[in-house]
Amino acid sequence: MTMLTIQTQPIEGQKPGTSGLRKKTNVFMGPHYLENFVQAIWDGIGGIAGKTFVLGGDGRYFNDRAAQVILRMAAASGAAKVIVGQGALLSTPAASHLIRSRGADGGIILSASHNPGGPDEDFGVKYNTANGGPAPEDVTAQIFKATEAIKSYRILEAQDVDLSRAGATKLGEMQIEVVDPVADYQALMQQLFDFGAIRALLARGFSLRFDAMHAVTGPYAKAILEDALGAARGSVINAVPSPDFGGFHPDPNPVWAKPLVDLMMGPEAPDFGAASDGDGDRNMVLGRGIYVTPSDSLAVLAANAHLAPGYSGGLKGVARSMPTSKAVDRVAEALGIPCYETPTGWKFFGNLLDAGRATLCGEESAGTGSDHVREKDGLWAVLLWLNILAVWGGSVRDLMQAHWQQYGRNYYSRHDYEALPAEQAEGMMAELKARLSDLPGTQAGGLVIESADEFAYDDPVDGSRSEGQGVRIGFEGGGRIVFRLSGTGTVGATLRVYLEQVDAKNLDLDPAQALAPVIRAADEIAGIARHTGRSGPDVTT
Ligand code: VG1
Ligand code: CO
């Protein structure tokens, strides 16, 4: 085996976004692209000699090849050990758990999450730190700086490592441990939840459908829901991870998981439906005839988590990303616990979880999680729902109705305008920001604007400040609009418009109807149609 030092040059644009570096797969497969970024991770964290890492990915196209390159680069830079999921597979929450439970120094997750996969689609690389969570902004800034200064990278010349079987092996001086991707994660779930109660619920005839969307959660959901909990065979569908996710977007929302939504709204609906995304950290939850918005899911889980053994002692606090609806805020108020508002992206929850200030966290983009790992966790959310329903006794619809009656209802929707020319989207945001101070007191869509600002976050744990995290407009009566540009896209710019209206009395409105004035106001305030030339969003969730 020969250690090679390969001369290279900085490649433009290797700046990690909301969740790692995401690019078209063929960009990642281009000369030196992956290698430059991986060397920049090693350099950005101060070298890897003697360190232990976790490695795995969501199984998308190029996952297996990239894993081999990273192993050879880790060995060449002196890492002591890499713990890698069998077949180079690990869901994001399972990777987070392994980093924590093995006391690893960090980990690399190969995923572009909910983005489609395949030679013409997306690939991604994310670095997580020793707490198991996505690298915070100061670390990604160091990594980005290293991408701009790189002159060479080190790699071992060697055969592929056999990742098809669990067990120990070596690459040069570096130890490699290939692990079953599911086992440790399943054991953690068994600690947190009352598997007996869920098994009894399913044995009573409670039926479910889990759509793994041809992505990494398939093996986890099969092992846990069908094998361990006794859900009927075939309850987990699209359970085999495929390099192109069957040609679909592995994004668990009513647009991309439409067949599941149709099933749940039809006459053959099971009691419970759920889906997860490419890397297994997102979830969508439905009951028979009802879709639960992710923001509502966070609120309901916060209100009822104490029914599961892992949370029977209550919650220390909750946290939500700024665009997530304020439904959970009222639960926190009722429970007398703090509620934190953070920028978009799971990395901002890490400090709150580490410091014991928050137990549950969530984002409107179908992400919920807790302090059991440092990532959002799709299957965990499903199990918490099932545990709550098993103890509570009613249906998803009953639980939602009871929740809204107690707390009121936050109608919520997100409109995405995808692949806009970057200058157009940035121009619109710049114009909007310039007008913010004039907006309060004026009207839009028949609503009175109460507040308008750009969100900045002061981390209460380490005092760091993150600016430019989205524009928020508040209306009299509790309505709200948030405008921000996505940090995970790979083509042009994606504008996200988050729409919220709160109603304490009318609990059964059609969300589109309840939000109509807010939607009108969004266009009036930001001039979306004028700037983009589009008459409506590409994706509404
Ligand atoms: C999106 C979501 C954000 C989420 C991020 C990563 O980011 O809005 O809430 O944390 O994706 O999720 P953005 O910048 O495109 O809005 V995952 O499951 O794609 O890693
Ligand atoms: Co994801």
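Each value in this text was obtained by applying a stated rule to the coordinates, not by laboratory testing. All values derive from a computational prediction rather than experimental measurement. Cβ placement follows ideal geometry from the backbone for every residue including glycine, while neighbour counts extend to all protein chains displayed.
With a Förster radius of 45 Å applied to the C-beta separation of Asp180 and Glu341, the computed FRET efficiency comes to 0.75. Calculate how many DSSP beta bridges within the chain are antiparallel, expressed in % of all such bridges and rounded to the nearest 5. Of the beta bridges lying entirely in the chain, close to 70 percent run antiparallel.
Exposed loop sites here mean GluC sites (Glu not before Pro) with a DSSP loop assignment and at most 15 other beta-carbon atoms within 10 Å; the chain contains its longest site-free run at 269-466. Only Cα pairs under 8 Å and 6+ residues apart enter the sum, and on that basis the relative contact order of segment 430-475 stands at 34 percent. Taking Cα centre as origin and charging only the Cβ of basic (Lys, Arg, +1) and acidic (Asp, Glu, -1) residues, the dipole magnitude of the chain rounds to 580 debye. Potential lengthening of the chain between Ala232 and Ala402 amounts to 58.3 nm, from the contour at 0.36 nm per residue minus the alpha-carbon distance. Taking trypsin sites (Lys or Arg not before Pro) as exposed when their DSSP state is a loop state and no more than 12 other Cβ atoms lie within 10 Å, the longest site-free interval of the chain runs over 234-504. The dipole here belongs to segment 159-305: it is taken about the Cα centre, uses +1 on the Cβ of Lys and Arg and -1 on the Cβ of Asp and Glu, and is about 540 debye. At an R0 of 41 angstrom, the distance between the Cβ atoms of Lys316 and Leu4 translates into a FRET efficiency of 0.25. In straight-distance terms, cross-link reach from Lys505 covers every one of the lysines whose alpha-carbon lies under 21 Å from its own, apart from those fewer than eight places away in the same chain; here that gives Lys326. Computed from the C-beta positions of Arg520 and Ala430 and an R0 of 30 Å, the FRET efficiency is 0.85 to the nearest 0.05. When shorter helices are ignored and each DSSP H run of at least 4 residues is given -39500 (n - 2.57), the per-residue value for the chain at 222 nm works out to -9500 deg cm²/dmol. Subtracting the Cα-Cα distance of Met265 and Gln68 from their residue separation scaled by 0.36 nm leaves 66.5 nm.
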